[in-house]
1. Assuming PHE170 fulfils every condition listed in (1) farther than 18 Å from LYS311 by Cα; (2) out of contact with any helix residue (DSSP H, G or I) (no Cβ under 7 Å at 6 or more places or on another chain) apart from one, which condition is it?
2. Consider the stretch 72-108. How many of its residues are more than 12 Å from the ligand (Cβ to nearest atom) and either in a strand (DSSP E or B) or surrounded by 19 or more Cβ atoms within 10 Å (Cβ to Cβ) (or both)?
3. I'd like to check something: does the stretch 287-296 contain any residue that is at pLDDT 95 or above, in contact with a helix residue (DSSP H, G or I) (Cβ under 6 Å, 6 or more places away or on another chain) and either in the same structural domain as LEU164 (by TED's automatic domain parsing) or crowded, with 19+ Cβ neighbours inside 10 Å (or both)?
4. Need the failing condition index for ILE176 against (1) more than 18 Å from HIS20 (Cβ to Cβ); (2) surrounded by fewer than 22 Cβ atoms within 10 Å (Cβ to Cβ), just the number.
5. Among (1) at pLDDT below 95; (2) more than 15 Å from the chain's Cα centre (by Cα), which single condition is ARG219 missing?
6. Confirm whether ILE115 is of a type in the set (Val, Ile, Thr), within 30 Å of GLU264 (Cβ to Cβ) and either without any contact (Cβ under 8 Å) to a residue 40 or more places away in the chain or more than 9 Å from the ligand (Cβ to nearest atom) (or both).
7. Could you check the stretch 279-328 and list, in sequence order, the residues that are of a type in the set (A, V, I, L, M), closer than 30 Å to TYR235 by Cβ and in contact (Cβ under 8 Å) with a residue 60 or more places away in the chain?
8. Considering only the stretch 234-253, state which residues are in a loop (DSSP other than H, G, I, E, B) and either farther than 24 Å from ILE177 by Cα or free of Cβ contacts under 8 Å to residues at least 60 places away in the same chain (or both).
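The values are calculated or read from the model by the stated rules, or taken from the named source; none is laboratory data. Predicted model only: the values in this text are computed from it and were never measured. A quick note on method: Cβ atoms are made from the backbone with ideal geometry, for glycine too, and the neighbour counts reach across all protein chains shown.
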Amino acid sequence: MKLKNKTVLVTGGAGFIGSHLVDQLILEKPEKIIVVDNLFLGKDNNLLDAQSKFPDLKIIHEDVSNFEKMKTIFKNDNIDVVFNLAVIPLPASLEKPSWTFSHNNNMTVTMCELIRQDFFKTLIHFSSSEVYGTSISGPMDENHPLNGTTPYAASKAACDLLVLSYCRTFGIDASIIRPFNNYGPRQNEASYAGLIPITVQKIMENKPPMIFGDGKQTRDYLYVTDTAKAAIKIYENLKTRQKVLNIASGKEISIVYVVKKIAEYLDYDIEKILYDPDRPGDVRRHIANTYLAEDLLGFKPTVSFEDGLKKTVDWYKITLNNQRKMTK
Ligand SMILES: NC(=O)c1ccc[n+]([C@@H]2O[C@H](COP(=O)([O-])OP(=O)(O)OC[C@H]3O[C@@H](n4cnc5c(N)ncnc54)[C@H](O)[C@@H]3O)[C@@H](O)[C@H]2O)c1
């Protein structure tokens, strides 16, 4: 299964991972790329690079949970594959749990119904490692219990079950990618994993960066382009169908290491870092077992955490400086 000459639709394509996925899709030479994003958190600016390389990129501002509106979009184009990334992020689920839960489910069930009704052929659905909650013992494989702590995690787990139920009941052609913590340029500071953009911003404003809890919580960080490439490989490989695949580095990195490393790159005194109480729902240990992705896709991260973090910090430095110049 190659993407060459295919028509691809990306929900949430103006967001962080979605916009990087669009960049990677362009390299595969598809016939058409359509982004559907209502700009809840996404930005059209995230797609500027993509538009310069692929001028026919179609961006539609619409709510993915609206089945009738989606049906109209799908009727106009013969879509081969949907990468389903649109999401209401974790922080929203702490303020508006019921709305976040139902909205995330409505977006996914819309895609499930459209594929069931033959409006497109293949669904690559984005899950999240948040569904696992804190690791029970060491690296978490795809069979780790779903112990997510937040309504966001519950909504993501429910969406995964929904997609799998449509596979089993209606035979839809679908695979599920389960990324762990992504980082890189364009990450939205309003998302839960916004530690890197928030820390860079604070330091650049000469305010002390904040660590919640003791900072020994760990995350499994993967540079965003590695996730985007993996999503494409998952589409290409039929052995991934009806399966969930962890996509991560398989390495555990503490929050305190991340903040100190950013401070080092920005020449900031680490003694000034502040510590605040734990946040509700914060998971303690998070590390992936990626054997399935290695086995089925030959997946291996290509960007080391230190290199990726340096690129990310450099990108935020330029972006934040440009924003400052514009507001002066
Ligand atoms: N960022 C991470 O570290 C991470 C980790 C694991 C899984 N994921 C998953 O990857 C996917 C993308 O995450 P992200 O970090 O890029 O998030 P993001 O918030 O940057 O992107 C999500 C996009 O969905 C759009 N959106 C929200 N509601 C919509 C609606 N009703 N209709 C149309 N568009 C809508 C937003 O505007 C945004 O552009 C999500 O499914 C998320 O659960 C992300």
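1. (2)
2. Just the residues of the stretch 72-108 that are more than 12 Å from the ligand (Cβ to nearest atom), to begin with: 72, 74-82, 94-98, 101.
If we keep only those that are either in a strand (DSSP E or B) or surrounded by 19 or more Cβ atoms within 10 Å (Cβ to Cβ) (or both) as well, we get 74, 79-82, 101.
Total satisfying the criteria: 6.
3. Let us first name the residues in the stretch 287-296 that are at pLDDT 95 or above, namely 288-296.
Narrowing further to those that are in contact with a helix residue (DSSP H, G or I) (Cβ under 6 Å, 6 or more places away or on another chain): 296.
From the residues that got through so far, the ones that are either in the same structural domain as LEU164 (by TED's automatic domain parsing) or crowded, with 19+ Cβ neighbours inside 10 Å (or both) too are none.
Among the residues of the stretch 287-296, not one is at pLDDT 95 or above, in contact with a helix residue (DSSP H, G or I) (Cβ under 6 Å, 6 or more places away or on another chain) and either in the same structural domain as LEU164 (by TED's automatic domain parsing) or crowded, with 19+ Cβ neighbours inside 10 Å (or both), which makes the answer no.
4. (2)
5. Looking at each condition in turn, ARG219 falls short on (2).
6. Numbers: of a type in the set (Val, Ile, Thr): yes; within 30 Å of GLU264 (Cβ to Cβ): no; either without any contact (Cβ under 8 Å) to a residue 40 or more places away in the chain or more than 9 Å from the ligand (Cβ to nearest atom) (or both): yes.
No.
7. Within the stretch 279-328, the first condition is being of a type in the set (A, V, I, L, M), and the residues that meet it are 283, 287-288, 292-293, 296-297, 303, 309, 313, 318, 320, 326.
Checking the rest, the ones that are also closer than 30 Å to TYR235 by Cβ come to 283, 287-288, 292-293, 296-297, 303, 309.
Selection gives VAL283, ILE287, ALA288, LEU292, ALA293, LEU297, VAL303, LEU309.
8. Step one: filter the stretch 234-253 for residues in a loop (DSSP other than H, G, I, E, B), giving 237, 241-243, 248-252.
Scanning the stretch 234-253 gives LYS251, GLU252.
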